[in-house]
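Bear in mind that the values in this text are calculations on the coordinates, not laboratory data. Keep in mind that what you see is a predicted model, and the values were worked out from it rather than measured. Every residue, glycine as well, gets a Cβ built from its backbone with ideal geometry; the counts of neighbours run over all protein chains shown.
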Ligand SMILES: [Zn+2]
C-alpha cells in the first residue's frame, strides 16, 4: 500500500485524492535533483499561499 501526501492539508493519506480538500495527492519523497534551497523556497511559497487563502496572511 502506498502512502500519499496532501500538500494542501499537509496530511498523509492512502488515497490519490485528498478526502479533506479533494486535491490530488503525491507520493512524498525528497527531491533528488533539486537543490534544497529551491525546494525550501517552493515550500515557503505554498505556506504563504495557504495563509492567504485562509485569510490569515499578516504583514510583519
Ligand atoms: Zn488535502
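Tabulated results
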| read-out | value |
| --- | --- |
| Burial ranking of peptide ranges 11-18, 42-49 (average Cβ count within 10 Å, highest at the top) | 11-18, 42-49 |
| Extension gain from residue 41 to residue 15, taking 0.36 nm per residue of separation minus the Cα-Cα distance | 6.7 nm |
